[in-house]
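Each reported figure results from applying straightforward, stated rules to the coordinates on display, with no laboratory input. Note that this is a predicted model, so its numbers are computed, not measured. A quick note on method: Cβ atoms are made from the backbone with ideal geometry, for glycine too, and the neighbour counts reach across all protein chains shown.
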Amino acid sequence: MAFRELVMLYQGAAHSLARRFVGNREDAEDIVQETFVRVWRHLARFDLDKSFSTWLFRIITNLAYDVLRKRFKQNASITKWGDSIDFVNQESNTDDALQVAMTIRYKAARLPLKQQLVFVLRDLQELSVAEVARILQISENAVKVNLHHARHTIRVQLEQTGEAL
Amino acid sequence: MNCSEYQFLLENQGGMTPIETRELERHLAVCPDCRRVEQAINVYQQGIQAMRRITLSPTDENAVEAIVGAAKMTSRLRPVKQHLYLDQLGNMLTESVFRYAVAALLLLTLGLFGFQEVYTLHQLDRLSQTMVKRGQQVSVQTHYLWKAAQWERQIEQRWLTVSQNLTWTQVRSFFQKDQKAEPPLAWRFRFGNRLGTDEQQKFWRQLIR
C-alpha cells in the first residue's frame, strides 16, 4: 500500500478525532499533518501484529494532549472551543439536540485533560474501554473512573445551568 | 436500595434485570430527585448522539496531498532506515542461536573475571614474598613463613638432614623462641605435622636454646 492510500484511508478519522479533541480546524489540521509525518518516520518500527488505528489514535491523542495542555496553561481553552460551532452539520440535528451538544462541548472543555481525552475517545469516538486504555496507556479501571467523573461533571453542570432541561 | 444506587442503575441501564427495571420504575414514580437525574442522563445521551452525528471532515484530496508532501519533504526521513537496522538487530537477538551466543559471551566474561581474580591473588602472593625479601612490612604470618624458609636454609647449611618442609612442631618452636608466645593455631595447617627424629629434635633443642 502506498503512503498516499494510507493517508486517504485514515485522514478523515484522524481529522475527526483531532477536531473533537481540540475543537478548531487549524489546530486539528496541524495535528493530523504532524501525525502522518510521525507515521511516515516511524512506520518501520510499527509492529504489524498490532492495530494501526490504535497506534494512529495514540499519536493524535498525544499531540492533542500537548495542544490542550498548552492552552490550559494559557487559559485559552474556552475561547478556542467557542469557535467550534462552525463545522456543525445542522441539518442532521434538531435545534434542541444541537444546543445540548454545544453545551456538552463547552462543559467538556473545562474538564481535566485526562478526562477530556477519555470522554472524546469513549463517548464521541465510541471506542471500547479496552481500546481507550491502550491508546492512553492506562488501565481499564482508570478509563472507567475518568469517564464516570467526566460524565458526572457534565451532567451535573447540565442540570445546574438548566440549559438542557 | 437508596437513591444513589438507583442513580447508578440509571447510568448503566443496559445491564439491568427485569426485576431491577420494575424496581427502578416504581422508585422513579415517587422520587423527584431521581427523575431529575434520569432526565439529565437522557438529555446527556441525546446530546452525545447529536455530537456523534456531526460530520467533522469529509476527506479532502488537497489535504491528503499536503500531508503526503509534508511527510516526504521532511528532512527526517533518514532515521527510518537506521531504525530498520536496529529493529533487525533486535529481532536477531530473539533468535535462540544469538541467545546461546550471548550466554557464552557472558560465561566467558565471568571466566575472565574469575581468572583475573585468581591471577591477582597469585600476584599479591608473589608481591608479598618480594616485600618480605626486601624487608618491608608484611603480616606476621607472611613474615614467619618467610623466616621458616630462612630457618630451613640454615638447617641445610649445617649439613643436617631434616625434612625438606618444616613440621608444625619446628615452626612452633621457632615462633615460641622468637616471640615468646604460642603461634596461631590456624598456622598448623600450613605446615607438616610430622614429629622429627630424635636427632632432629636434639638439633631443635640446641637451636632454640
So if R0 is 45 Å, what FRET efficiency would A:S53 and B:V118 give, r being the distance between their Cβ atoms, rounded to the nearest 0.05? 0.15
Per the Kirkwood formula over distinct C-alpha pairs, the hydrodynamic radius of the stretch A:3-160 in angstrom is 16.3 Å
Between A:N62 and A:I138, what is the FRET efficiency for a Förster distance of 22 Å, r being their Cβ-Cβ separation, to the nearest 0.05? 0.95
